[in-house]
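Chemist: Take a look at the following structure, please.
The values are calculated or read from the model by the stated rules, or taken from the named source; none is laboratory data. Quick caveat: nothing in here was measured; it's all calculated off a predicted structure. Here the Cβ is made from the backbone with ideal geometry for all residues, glycine too, and neighbour counts use every protein chain on show.
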Amino acid sequence: MLVQQHATQLYRLAAGIVGVTDAQDLTQDSFTAAWRQLPKLRDPERFPQWLRRICVNRCRTHLHTHRASPISLEAGRADEIAGAGDFRDAIDARAVIGPAFRRLSADQRAVLALHYGLGLSIREAAEAMDVRVGTAKSRLNAALRAMRAVLAPGALGALPAADEAEVVSQ
């Protein structure tokens, strides 16, 4: 029951951090680790946050040992891409953003996947990464700055400015 309830979100999170190639294995690994560590869970009401933290940590470890792994920018959103019009736009966007995303650290990928991929607030992303809110904000800003530095000006126009309220207010 818990696996069915959380598998899709956990897979999307893993795919957003490490890519679709390794996401399924890391999702399963996260559930296995959660099962083994279940006695350590102090507040069962916080199971989803605890499980996301396990997944983020597994993905970070994976990236540190397999640094060259490509990531998937669609991260489980094929249904949205297919219905969004011309598939070539998605391919073009991935070709532009992919190299910039691959240059990010594991922590920067994680905060982007949590905040933009899963739609979590900065506070929730910080909790999933087991860092302070200010640290999550700075990692998010650093990730966005790094992406902007690599991307041609106006290439996609989809990245928010580093000083926008969304990044610093949550």
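Chemist: Mind listing just one residue for me: the one in region 16-25 that is over 11 Å from Leu118 (Cβ atoms) and out of contact with any Cys (no Cβ under 6 Å at 6 or more places or on another chain) and, of those, surrounded by the most Cβ atoms within 10 Å (Cβ to Cβ)?
Modeler: Out of the qualifying residues, it is Ala23.
Chemist: Just the residues that are modelled with pLDDT of 90 or more, more than 13 Å from the chain's Cα centre (by Cα), of a type in the set (A, V, I, L, M, F, W, C) and in a loop (DSSP other than H, G, I, E, B), please, taken from region 94-151.
Modeler: Passing the criteria: only Val131.
Chemist: Counting only residues that are at pLDDT below 90 and among the hydroxyl-bearing types (Ser, Thr, Tyr), which one in region 39-82 is surrounded by the most Cβ atoms within 10 Å (Cβ to Cβ)?
Modeler: Per the criteria, the residue is Ser72.
Chemist: Please specify each residue of region 6-42 satisfying the condition of being free of Cβ contacts under 8 Å to residues at least 12 places away in the same chain and hydrophobic (A, V, I, L, M, F, W, C).
Modeler: Selection gives Trp35, Leu38, Leu41.
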